[in-house]
Amino acid sequence: MARILSILVGLFFTVALLWSFGNGFYTWAIDPAAETAEEVFHKHPEAHHFSFDGPFGTFDHQQLQRGFQVYQQVCAACHALKHVAFRDLAQLGYNDAEVKAIAAQFQVPKYDAATGEVTTNPGAPTDYFPPVAYAGQGSPPDLSLVVKARHGGAQYVRSLLTGYTDQPAALLKEFPDSKTPDGLYYNPYFANLNLAMPPPLVDDAVTYSDGTPATTAQEATDVAAFLAWAAEPTMDKRKQTGWPILGFLLFATILGYMSYRNIWANKKH
Amino acid sequence: MAEEDGVRRRDFINVAAVSAAGVAGIGVVIPLVSQMSASADVLAASTTEVDYSSVQPGQAIKAIFRKQPVFIRNLTQAEIDAANKVDISTLRDPQTLAERTKPGKENWLITMGVCTHLGCVPLGAGEGEPRGEFGGYFCPCHGSSYDTAARIRKGPAPLNLQVPDYAFTSDTVVTIG
Amino acid sequence: MSFPWAKEYTPAHPFMKWMDERLPIPRLVYNAVGGGYEVPRNLNYFWNFGFLAGLCLVIQIVTGIVMAMHYAANSAVAFDTIEMTVRDVNWGWLMRYAHANGASAFFVVIYVHIFRGFYFGSYKAPREMVWLLGVVIFLLMMATAFMGYVLPWGQMSFWGAKVITGLFSAIPLVGEPLQQWLLGGFAPDNAALNRFFSLHYLLPFVILGVVILHIWALHIPGSSNPTGVEVKSESDTVPFYPYYVAKDGWAIGVFAILYCAFVFFAPNYFGHPDNYIPANPMSTPAHIVPEWYFWPFYAILRAFTQNFFFIPAKLMGVLAMFGAILVWFFLPWLDKSPIRSASYRPVYKAFFVVLCLDMLVLFYCGGAEAKEPYVMISQIAAMYYFAHFLIILPIVSAIEKPKPLPYSITEAVLGKDDAARLEPSA
């Protein structure tokens, strides 16, 4: 009886699934969903080896400082960095005075609950990067976590910044409706191919204080590295802590295994 | 003999394995304990800037420094004289008023508003609050009385009200911390 | 119950004797995980996963308590408090990654533990209660993990909360009010976040309680073993201490190495990038998926795309998804074969292998985008899933001809058992 009941319940679910499957298969066979322009022309981030890749990788402070320069002089006009405090910049190798000077270059609003007024003052090292008011089209995302918040991480950021091109002729031929709308810009690394941000970087958009030639690719790479740091300033510490712990665990596990063999030595199992 | 050595070596392995587990246990405890101490953003606690220009002689204001009250008091000449008259050697925590203020600004007494007994906020900085029998501050929790230099004079508190690091950055602004 | 040859606890120190007569906790421990618990000598490494699951629960409770010390369940600041924990709290990054990856580790371990049970028939008499409590633990774990994932209040948190509570809206008549009651509003916000936090803190301790019952129920008949043959004599067993303490001990080492490798070198591997974007009720991420450990059940949910007679597809999906787990409750009565271990059940063993592959397919489809051919594949895989438990198992267990069993565990291990000769031949 129980067996018959269970078989009936089983048939209920399998037949319902078969019904769904049959309908889906019919639709798929008769009228397969057409490929979209995004599916055909979207590109995965270009491979690039950053100094912080892999379990041994660490941030290159020189590069982070260059990247910060790009952020400050280019990106910061539209993009905030709210989870990062100016004091964190000390990790990039700036000394206290430099951190103080950088903080003072930003205007930080403070809300006074007593008066209800917002006053704006030059930043102090303990302040966080201030919000950025953006008047144009779209809403530039906060960049403090962007590297963690996108598939491909720093490689994605780098590819996006260098990936602006004209729409390929093949795309317009295959998908005539997919012309990039006015006010948007074609970029195959962006999920839906057209984004509101105009190409932000050009050659010599900044003048690096360490004399590195500021090509577009160099700027994109540096700022991607900086944003990787901004997304996880504790990464170096994490990896440096990990190795001795793994080493110790390996040692302890070998000891544990020897002890196990030893205790079971006379017990066949 | 060889048998005995073998036994001892095997025991040693077990002891070593258990010890390694113990070390691992201690290693786990370290971050678990450490995470409760002050975080980086708290340690980087900012300095506080206070506009003290509106404080009239005989008045005081409260400001916030590291989430705690700071008293900024403009002493009257009578209060300064009263503080200077005291024989230092009779004090529980001997300090002169001059040691507790900045040169040239002896009338500006800036102290933490935290009783050194158990941390209550003493009265006396606000308008109309009792200032205790020595004219400074009076802590209502356990009855500690401070004089016009915020030195402990009576009651259970062991020390004078603490003077934080501060500097007068302009004629109207003092930076604490 | 324990076997008659199990050693009895004898307090060595006068204080322990004093304690034993008043509050016999040392005796309890001795009989549960000490020299007083006799365990089959032939357990393989799959039997380590129960102990590891317990370890995972401890890791999650300890790191979770730490996370709660720095977290604020308020939709305005929840995301920021987690970031602040990771960036500024001493070892905060370690606590966060240990907790997030701990959830994944817990599910890896628990899935192995469950499938160990499927293969070796651990759910069969006299261990049905152990199995039922285990399924309860699994359900509680899923609820806890789901609510925990909502707490960071990222995009996946928010939309996860919305979609999963949306499942309840499929229930006829009471669905909509029920969803609103669960969320305390029309959409996930402060009310939902706060209650999820409260329950996320509570449920692990409920799990701990059920785990204690699970172990208690296990210790009545004693541990099962790979042959599925009952323990017969002293030569079949070894005391838990030191034998299985040593074996579990070094297994913990292997587990810790793998776990730490992820925590320190790939902490976001199991996570989803979108959850690093703060919750935005105005825009759904392009591709929303739950955490990986829900994928098979998510695939089953999505497999129902057509109304079935008068039952809407949405309700069918929800019924099937919950049914897929609830069916485990009936397993001891669906599989009536008296033979426990699949090692002696050639037909069942073949279907078990298919079930494992089927689960892998469901895992893959549940994580993939909701488009063809993944939906069709998941429909076939889900069909097998239900057929396996509800149709194949009852039939196979009735008609299968098992292989001969060893006389005893000792015989299975040593090739012969002197006691066997004393038994009259049947």
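Scanning the range C:220-255 for residues that are at pLDDT below 95 and of a type in the set (Asp, Glu) gives C:Glu230, C:Glu234, C:Asp236.
When only residues in the range B:96-123 that are among the basic types (Lys, Arg) and surrounded by fewer than 17 Cβ atoms within 10 Å (Cβ to Cβ) count, which is farthest from B:Ser53 (Cα to Cα)? Before the answer, list the steps.
We begin by selecting, within the range B:96-123, every residue among the basic types (Lys, Arg); these are B:100, B:102, B:105.
In the following step, the residues that additionally are surrounded by fewer than 17 Cβ atoms within 10 Å (Cβ to Cβ) were identified as B:102, B:105.
Working: B:Lys102: 16, B:Lys105: 13 Å.
Among residues in the range B:96-123 that are among the basic types (Lys, Arg) and surrounded by fewer than 17 Cβ atoms within 10 Å (Cβ to Cβ), the one farthest from B:Ser53 (Cα to Cα) is B:Lys102.
Within the option set A:Ala135, A:Ala205, being without any contact (Cβ under 8 Å) to a residue 12 or more places away in the chain and among the aliphatic types (A, V, I, L, M) holds for one residue only, A:Ala135.
Within the group B:Ser53, B:Ser39, B:Ser46, which residue is at pLDDT below 95, more than 17 Å from the chain's Cα centre (by Cα) and within 7 Å of another protein chain (Cβ to nearest Cβ)? Give the derivation first.
Numbers: B:Ser53 fails: within 7 Å of another protein chain (Cβ to nearest Cβ); B:Ser46 fails: more than 17 Å from the chain's Cα centre (by Cα).
Being at pLDDT below 95, more than 17 Å from the chain's Cα centre (by Cα) and within 7 Å of another protein chain (Cβ to nearest Cβ) holds for just one of B:Ser53, B:Ser39, B:Ser46, which is B:Ser39.
Within the range C:109-127, the set of residues being in contact with a Leu (Cβ under 9 Å, 6 or more places away or on another chain) and surrounded by fewer than 19 Cβ atoms within 10 Å (Cβ to Cβ) comprises C:Val112, C:Phe115.
Please work out which residue is modelled with the lowest pLDDT, limiting yourself to the range A:189-232 and to residues that are of a type in the set (S, T, N, Q) and out of contact with any strand residue (DSSP E or B) (no Cβ under 8 Å at 6 or more places or on another chain).
First, the residues of the range A:189-232 that are of a type in the set (S, T, N, Q): A:192, A:194, A:207, A:209, A:212, A:215-216, A:218, A:221.
Those still in the list that are out of contact with any strand residue (DSSP E or B) (no Cβ under 8 Å at 6 or more places or on another chain) too: A:192, A:207, A:209, A:212, A:215-216, A:218, A:221.
Values: A:Asn192: 87, A:Thr207: 95, A:Ser209: 90, A:Thr212: 94, A:Thr215: 96, A:Thr216: 96, A:Gln218: 97, A:Thr221: 97.
Result: A:Asn192.
Cβ separations smaller than 7 Å between residues 6+ apart or across chains give the following pairs from the range B:10-35 residues that are away from chain C (no Cβ under 11 Å) and over 29 Å from C:Thr85 (Cβ atoms) to residues that are among the hydrophobic types (A, V, I, L, M, F, W, C) and in a helix (DSSP H, G or I): B:Ala16/A:Leu255.
As a summary of the residue check, C:Gly228 satisfies the conditions (1) on the phi > 0 side of the Ramachandran plot; (2) without any contact (Cβ under 8 Å) to a residue 60 or more places away in the chain except for the one numbered (2). When C:Arg27, C:Arg41, C:Arg22 are screened for being crowded, with 17+ Cβ neighbours inside 10 Å, outside the structural domain of C:Gly249 (by TED's automatic domain parsing) and farther than 26 Å from B:Val29 by Cβ, only C:Arg27 passes.
For (1) outside any helix (DSSP H, G or I); (2) within 14 Å of chain B (Cβ to nearest Cβ), each residue gets a yes or a no:
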position: C:Val66; (1), (2): no, yes
position: C:Thr85; (1), (2): no, yes
position: C:Leu94; (1), (2): no, yes
position: C:Gly102; (1), (2): no, yes
position: C:Phe118; (1), (2): no, no
position: C:Pro126; (1), (2): yes, no
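For every residue, the table says whether it meets (1) among the β-branched types (Val, Ile, Thr); (2) part of a strand (DSSP E or B); (3) within 13 Å of A:Phe41 (Cα to Cα); (4) more than 22 Å from the chain's Cα centre (by Cα).
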residue	(1), (2), (3), (4)
A:Pro131	no, no, no, no
A:Asp142	no, no, no, no
A:Val147	yes, no, no, no
A:Ala154	no, no, no, no
A:Leu160	no, no, no, no
A:Gln167	no, no, yes, yes
A:Leu171	no, no, yes, yes
A:Gly183	no, no, no, yes
A:Tyr189	no, no, yes, no
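All conditions but one from (1) within 25 Å of C:His287 (Cα to Cα); (2) more than 8 Å from every other protein chain (Cβ to nearest Cβ); (3) modelled with pLDDT of 95 or more apply to C:Ala382; the one that does not is (2). Output yes when any residue across the range A:38-57 is within 14 Å of another protein chain (Cβ to nearest Cβ), loosely packed, with under 13 Cβ neighbours inside 10 Å and charged (D, E, K, R), and no when none is. Among the residues of the range A:38-57, at least one is within 14 Å of another protein chain (Cβ to nearest Cβ), loosely packed, with under 13 Cβ neighbours inside 10 Å and charged (D, E, K, R), which makes the answer yes. Restricting attention to the range A:100-118, and to residues there that are modelled with pLDDT of 90 or more and assigned to a loop (DSSP other than H, G, I, E, B), which single residue is farthest from A:Ala76 (Cα to Cα)? This residue is A:Gln105.
Scanning the range B:73-98 for residues that are within 22 Å of the chain's Cα centre (by Cα) and of a type in the set (Asp, Glu) yields a count of 1.
The values are calculated or read from the model by the stated rules, or taken from the named source; none is laboratory data. As the structure is a computational prediction, the values presented were derived from the model and not from experiment. So basically every Cβ, Gly included, is an ideal-geometry build from the backbone, and we count neighbours across all protein chains shown.
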